[in-house]
Every structure is written in C-alpha cells, then in structure tokens.
C-alpha cells in the first residue's frame, strides 16, 4: 500500500486479468478500505472492474511520476 494506506497496488505479469485473479485484492479492499485499488499489468488498455482500476504498466508509471496515484 502507498500513501499511508490510501492506495492498494497489485502487480501482475499477465496480459489479461481475469475476475478470479481479483479475489485477493477484493478481500483486501473489504478489510482495509483503501481509497484507490489498482492492478498494474500488461493489458493494452485501462479498465475498471468494480472498485478496482486495471492499468497498463506504462500508464501507471506515467501517472505515478505525474503525482496522480498518490494525491
């Protein structure tokens, strides 16, 4: 977690994050209630699944360096 527990980030090496792979992060969200939850991966485009934002690693790094992840 980043930003005093405000952002939960999980990194996956896959090009397609399936719903079942999100179960552990969902359980984490239920227990700790971070403000943002991200999965950084090799998917070609950003998408949102419930409270989880799935982000290509390049987009994540650009957003992190721009100060948009922890704000």
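The values are calculated or read from the model by the stated rules, or taken from the named source; none is laboratory data. No experiment lies behind these values; they were computed from the predicted model shown. All Cβ positions, glycine included, derive from the backbone under ideal geometry; neighbour counts span all protein chains shown.
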- Note on the structure: In region 26-50, anything under 13 Å from the mean Cα position of the chain (by Cα), in a helix (DSSP H, G or I) and closer than 18 Å to residue 70 by Cβ is listed as 28, 29
- Give the residues of region 39-56 that are touching a residue at least 24 places away in the same chain (Cβ under 8 Å) and farther than 23 Å from residue 27 by Cβ, sorted by residue number. 42, 44
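From the list 17, 59, 49, 7, pick out the single residue that is at pLDDT 95 or above and touching a strand residue (DSSP E or B) at 6+ places or on another chain (Cβ under 6 Å).
17
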- Message: Looking at the structure I just gave you, is residue 15 over 10 Å from the mean Cα position of the chain (by Cα) and either in contact (Cβ under 8 Å) with a residue 60 or more places away in the chain or surrounded by fewer than 16 Cβ atoms within 10 Å (Cβ to Cβ) (or both)?
- Response: yes
- Counting only residues that are under 12 Å from the mean Cα position of the chain (by Cα) and not in a helix (DSSP H, G or I), region 51-69 contains a total of 7
